[in-house]
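Peer 1: Below: one structure in structure tokens.
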Amino acid sequence: MQPFAGRAAVAGIGMTALSRRSGLGELELAVQACRAACADAGIGPREVDAVLSYHMNDSAPVVQVAKALGIERLGWHNDIAGGGTQAASILGDAAMLVHVGLARNILIYRALNGRSGRRMNTVSTGPQERFTYGLAGPIPMFALAATRYLHDTGLTAGHLHAVVAQSRQNAKGNVRALRREPLELADYLARPYVCTPLRTVDCCQETDGACALLVSGVLDGPRIRAVVRGGGPGCSSMDRAPDVTAIFSAYVAPMLWEASGMRPSDVDAALLYDAYSWLVPRQLEDFGLAGRGELGAYLMERRHAWVNPHGGLLSEGYVHGLNNVAQAVRELRSGSEVALVTGFGGSYGSAALLVR
């Protein structure tokens, strides 16, 4: 067991509306989400003594957010450089602050105008940047890994459709979700490729919005049981990888079970970072939730319907994975006992277990 296990709780969650054009700055979005998280926890922003965020130079710094919230005596604070890898591990940062006595109430937020502002899945082709060969951005890189993974497992476009279509089905009753319409196989196959084998609907959304969590050592809520972070050579460094399909979960899943003292069968809520559809079966396999040999039937029979019950990043929206963590809290509040949340960044990433 990690020393901080069970010491910190996620006492509050908050989100703005998700959209393709918010009409607001990142500071306004962050403040809205943070105020909502504080209100959900039953405290005022002035009772917060630490603020954490992660971003890629596309958000409002924590000191600006703290000032806008009226936090006059700010303690520990940090702008963590990084993207989806931080979605789960930032819970560990907060839990460690509680454990060592440096903070009592910690705000975590991610705010971005990911559609109307700076977009992650575009590549500059201006005079200073000329791409004559290679992988121009994340989608071609992860599409290459997806091609090999489908070959190795025998999965097909029909199985990727099952992932995306179930995501839409799960999002149907989620008023926050941007994509709630059904997706039939013929419609899926008609969608254009971004980079084979990934079609437009196989890729997570570009979204404007913000999400916040209030992690506390003195308030109640789902407890942070274990958090791990790590990785190795894989689809983020393909030139040095014995297996280009080895995403973060291949490395952190064993670490998580060892750190938590729990087993895959304990998990009854899985919030998996679904930046691309093929990452769902890969994580199911790596975390021991489904065997490689049964993946095809598991997906086609929709036995993965319990994964990302809100629609995930493919259908609810993309707040760099933090909205999946918020959903984990909702699931635990409504009856689930153990929630797995993950953070993806290629062959590096993180995972956490929250318990009721």
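Peer 1: Of the accessible area of the chain, with the probe set at 1.4 angstrom, what percent is carbon plus sulfur? Could you put the intermediate results ahead of the total?
Peer 2: Numbers: 7180 of 14060 Å².
Summing carbon and sulfur atoms, their accessible area is 51 percent of the total for the chain.
Peer 1: When DSSP beta bridges are limited to those with both residues in the chain, what percentage is antiparallel, rounded to the nearest 5? Could you put the intermediate results ahead of the total?
Peer 2: Numbers: 36 of 49 bridges.
So the antiparallel bridges in the chain amount to around 75 percent.
Peer 1: Suppose every K and R has +1 on its Cβ and every D and E has -1 on its Cβ; what is the size of the dipole of region 297-355 about the Cα centre, in Debye to the nearest 20?
Peer 2: That gives a dipole near 40 debye.
Peer 1: Keeping all protein chains in position, work out how much accessible area residue 76 exposes to a 1.4 Å probe, and write it in Å² to the nearest 10.
Peer 2: Its heavy atoms expose roughly 130 Å² to the probe.
Peer 1: Only Cα pairs under 8 Å and at least 6 apart count here; give the relative contact order of region 282-347 as a rounded whole percent. Don't skip to the answer; put the middle values down first.
Peer 2: Working: 23 pairs, mean separation 10.3, N = 66.
Computed value for region 282-347: 16 percent relative contact order.
Peer 1: Further, regarding this structure: With point charges of +1 on the Cβ of Lys and Arg and -1 on the Cβ of Asp and Glu, referenced to the Cα centre of the chain, which listed residue (323, 41, 219) lies farthest in the positive direction of the dipole?
Peer 2: Projecting each Cα onto the dipole axis, the largest value belongs to 41.
Peer 1: Per residue, what volume in Å³ does the Cα convex hull of the chain take up?
Peer 2: Numbers: hull volume 47.5 nm³, N = 356.
Looking at the chain, the number lands at 134 Å³ per residue.
Peer 1: Starting from the amide H of residue 75, placed 1.01 Å from N in the peptide plane, find each other amide H under 5 Å away whose residue is 5 or more places distant or on another chain.
Peer 2: Hits under the 5 Å cutoff: 50.
Peer 1: Next up: The chain: longest stretch without exposed GluC sites (Glu not before Pro) (DSSP loop, at most 14 other Cβ within 10 Å), sites themselves excluded?
Peer 2: Longest run free of exposed loop sites: 185-300.
Peer 1: Report the local net charge at residue 1: Lys and Arg +1, Asp and Glu -1, summed over other residues whose C-beta lies under 13 Å from its C-beta.
Peer 2: Numbers: positive: 7, 223, 225; negative: 258.
Charge balance near residue 1 sits at +2.
Peer 1: Mind listing the phi-derived Karplus ³J(HN,Hα) values for region 180-190, rounded to whole Hz, using 6.51, -1.76 and 1.60 with θ = phi - 60°, and x for any glycine or proline?
Peer 2: These are the phi-based 3J(HN,Hα) values: 10, 7, x, 10, 6, 4, 4, 5, 4, 5, 7 Hz.
Peer 1: Counting only residues 5 or more places away or on other chains, whose amide H sits under 5 Å from the amide H of residue 194 once H atoms are built in the peptide plane?
Peer 2: The answer is 199, 200.
Peer 1: Would you kindly find the accessible area of residue 220, with a 1.4 Å probe and non-protein molecules such as ligands, DNA and RNA excluded, rounding to the nearest 10 Å²?
Peer 2: For residue 220, the solvent-accessible surface is approximately 120 Å².
Peer 1: Local charge sum around residue 277 (other residues, Cβ-Cβ under 11 Å, Lys/Arg +1, Asp/Glu -1)?
Peer 2: Working: positive: 199, 282; negative: 202, 274.
In short, 0.
Peer 1: OK, next. Suppose every Lys and Arg Cβ carries +1 and every Asp and Glu Cβ carries -1, with no other charges. What dipole size does the chain come out with about its Cα centre, to the nearest 20 debye? Present the calculation step by step, with values, prior to reporting the outcome.
Peer 2: Details: 33 positive and 31 negative charges, 86 e Å.
With only Lys, Arg, Asp and Glu charged at Cβ, the dipole is about 420 debye.
Peer 1: At 222 nm, what value in deg cm²/dmol follows for the chain if DSSP H runs of at least 4 each add -39500 (n - 2.57) and the sum is divided by all its residues, to the nearest 500?
Peer 2: Details: 11 runs with 117 residues, N = 356.
Result for the chain, helices only: -10000 deg cm²/dmol.
Peer 1: Given the protein chains as shown and a 1.4 Å probe, how many square angstrom of residue 287 are accessible, to the nearest 10?
Peer 2: Roughly 0 Å² of residue 287 is accessible to a 1.4 Å probe.
Peer 1: Using each residue's phi in region 100-107, evaluate 6.51 cos²θ - 1.76 cosθ + 1.60 at θ = phi - 60° and report the 3J(HN,Hα) Karplus result to the nearest Hz, with x for Gly and Pro.
Peer 2: 3J(HN,Hα) across region 100-107, in whole Hz: 8, x, 8, 7, 10, 10, 10, 8.
Peer 1: Quick check: Cα centre of region 242-312 to Cα centre of region 16-37, how many Å?
Peer 2: Each part reduced to its Cα centre gives a spacing of 30 Å.
Peer 1: How much accessible area per residue does the chain have, in Å², with a 1.4 Å probe?
Peer 2: Working: 14060 Å² over 356 residues.
Normalised by residue count, the accessible surface of the chain is 40 Å².
Peer 1: Is there a quick way to get the dipole size of region 271-326? I mean about its Cα centre, with the Cβ of Lys and Arg at +1 and of Asp and Glu at -1; what is the value in debye to the nearest 20?
Peer 2: On the way: 4 positive and 6 negative charges, 10 e Å.
Dipole magnitude for region 271-326 comes out near 40 debye.
Peer 1: Considering the options 195, 174, 207, tell which one lies farthest towards the positive end of the dipole of region 171-210, charges being +1 on Lys and Arg and -1 on Asp and Glu at the Cβ, about the Cα centre.
Peer 2: Most positive-ward Cα: 174.
Peer 1: Follow-up. Check which residues have an amide H placed less than 5 Å from residue 226's amide H, if you skip close sequence neighbours.
Peer 2: Long-range HN contacts for residue 226: 353.
Peer 1: If you average the alpha carbon positions of region 182-228 and of region 42-88, how far apart do those two centres end up, in angstrom?
Peer 2: First find each Cα centre; the distance between them is then 22 Å.
The values are calculated or read from the model by the stated rules, or taken from the named source; none is laboratory data. Since this is a predicted model, take the numbers as computed values, not measurements. Please note: Cβ atoms are built from the backbone with ideal geometry, for glycine as well, and neighbour counts cover all protein chains shown. To get the accessible areas, we keep the full protein, side chains included, count just its heavy atoms, and leave off ligands, DNA and RNA. Shrake-Rupley method; radii C 1.70, N 1.55, O 1.52, S 1.80 Å.
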